[in-house]
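Below: one structure, written as structure tokens.
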Amino acid sequence: MIQIKNKPYSVATLQPLNAAYDAEHRLTQADVDRVNALVMHIGNTRSAQVPKAGDRILYTSRAGDYSEDARIDRVNDDGTLAVHVVSFIPFVAPTDDGVWCVAGGGPLVDIAPSETRYAGTARVEFQIWGHDGPCGNGAVRFEACVSVWEYKEANPLYGDFTTKHWRKLDLYRFPERTDGDLYRGVCISFGSDEELEQFVADYEGKIFRAPVPNRIILWCYRDELKAVTQQEWDTLDAPVSQRRIYNAPQPVKLVKDHERHTTVCYFVRPEFSSK
């Protein structure tokens, strides 16, 4: 076991997490006492060797999707961990060796504890029903320290590319179109193969073919737009490229931040745009 010390809550320090509850039900010292008992129990039952219900999982899927919000919902009878990849704030109650959680959320998957790696501790949110019991705005939220574990699904599809450090674009090609966009994704499109190739070069991208016809997965640097004045643009020493901004082609200057896997895109804000 690891001993995690948590500073006890007071009514004043717990109220900011429970504004709606306090307004409707009034946060009481009895609520705070129950929370503090749970916070202490959670901290005293954490382990650096054994993942437990309520712990956080840094989850990377085979497709490279990274989630910091995964939580262990329960330990199954066979010893595997039931994990919500994107978890809601769990309701919690004490057990002899930890806590019982009811969370809900994104995909629920089972993983083996032996495939996780201890990665430290973190403060996460839990909730319990307040003194009025289950009712509207009747839950009291609080934070407690838990163990953090790292888990990566086997046989990754895209090597070391993950959304923890890279941008992932799911693009579809529409070869039958004679006007408009040739490639479309979420909040991004490209009018031609040449436009896509320029983007790949500007954003250190790599294209993977998907098993679905006319679909590609593009991993690339993240995009950071920065509007500058014409004078700032003129003095900026950086390569010039072209991007669609405000749905119109516009010259841009690009500065690559390799440590952050980010391409900073500088442009002169058009006069008609909103600041």
- Please give, to one decimal in nm, the separation of the simple spin-label points placed at Tyr118 and His131, each 7 Å out from Cα toward the Cβ. 4.0
- Length-normalised contact order for the stretch 221-275 - Cα pairs under 8 Å, 6+ apart - percent: 43
- trypsin sites (Lys or Arg not before Pro) lying in DSSP loop within the stretch 53-161, provided at most 15 other Cβ fall within 10 Å: Arg62
- Rg ratio (alpha-carbon, reference 2.2 N^0.38 Å) - the stretch 11-152: 1.07
- Note on the structure: Rounded to a whole number, the Stokes-Einstein D of the stretch 221-275 in µm²/s (Kirkwood radius over Cα pairs; 10 °C; 1.306 mPa s) is 136
- Message: Can you bin every Cα-Cα distance in the stretch 151-275 into 10 Å intervals starting at zero and give me the percent of pairs per bin, rounded to whole numbers?
- Response: 11, 38, 33, 14, 3, 0
- Calculated FRET efficiency for the pair Trp100/Gln49, C-beta based, R₀ 22 Å, to 0.05: 0.60
- Added length on full extension, which subtracts the Cα-Cα distance from 0.36 nm per residue, Lys256 to Glu194: 20.3 nm
- Test item: Cα-centred dipole of the chain, Lys/Arg +1 and Asp/Glu -1 on Cβ, debye: 240
- Once Rh for the chain is found with the Kirkwood sum over Cα pairs, what is the Stokes-Einstein diffusion coefficient at 10 °C and 1.306 mPa s, in µm²/s? 71
- Item | Mean projected area (nm²) of the alpha-carbon convex hull when the stretch 122-197 is viewed from all directions | 10.6
- Query: Per Stokes-Einstein, at 37 °C and 0.692 mPa s, what whole-number D in µm² s⁻¹ belongs to the stretch 82-174, with the Kirkwood radius over Cα pairs as the hydrodynamic radius?
  - Reply: 200
- Ordered by number, the chymotrypsin sites (Phe, Trp or Tyr not before Pro) in the stretch 204-275 that occupy a DSSP loop and have at most 16 other Cβ atoms within 10 Å are Tyr246, Phe272
- At q = 0.15 Å⁻¹, the log10 of I(q)/I(0) for the stretch 67-126 from a Debye sum over equal Cα scatterers comes to -0.45
- Provide the FRET efficiency to the nearest 0.05 for the Glu271-Val240 pair, computing r from the beta carbons and using R0 = 25 Å. 0.75
- Message: Can you show me the helix-derived [θ] at 222 nm for the chain, built from DSSP H runs with n ≥ 4 at -39,500 (n - 2.57) apiece and divided by the number of residues, rounded to the nearest 500.
- Response: -4500 deg cm²/dmol
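If you scale each eigenvalue of the Cα gyration tensor by 5 and take the root, what three semi-axes come out for the stretch 165-220, rounded to whole angstrom and sorted largest first?
They are 18, 13, 9 Å, listed largest first.
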- Query: Does anyone have the angle between helix 29-44 and the longest principal axis of the chain? Alpha-carbon axes, 0 to 90°, nearest 10?
  - Reply: 80
- Where the Cα pairs of the stretch 204-243 fall when distances are cut into 5 Å bins, in %: 6, 15, 16, 19, 12, 10, 9, 7, 5, 1
- Arranged from highest to lowest average of other beta-carbon atoms within 10 Å per residue, in what order do the peptides 79-85, 15-21 appear? 79-85, 15-21
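Here, each number is a calculation from the coordinates, and none is a lab measurement. The structure displayed is predicted, hence computed values, not measured ones. Cβ coordinates were reconstructed from backbone atoms using ideal geometry, including for glycine residues, and neighbour counts include every protein chain displayed.
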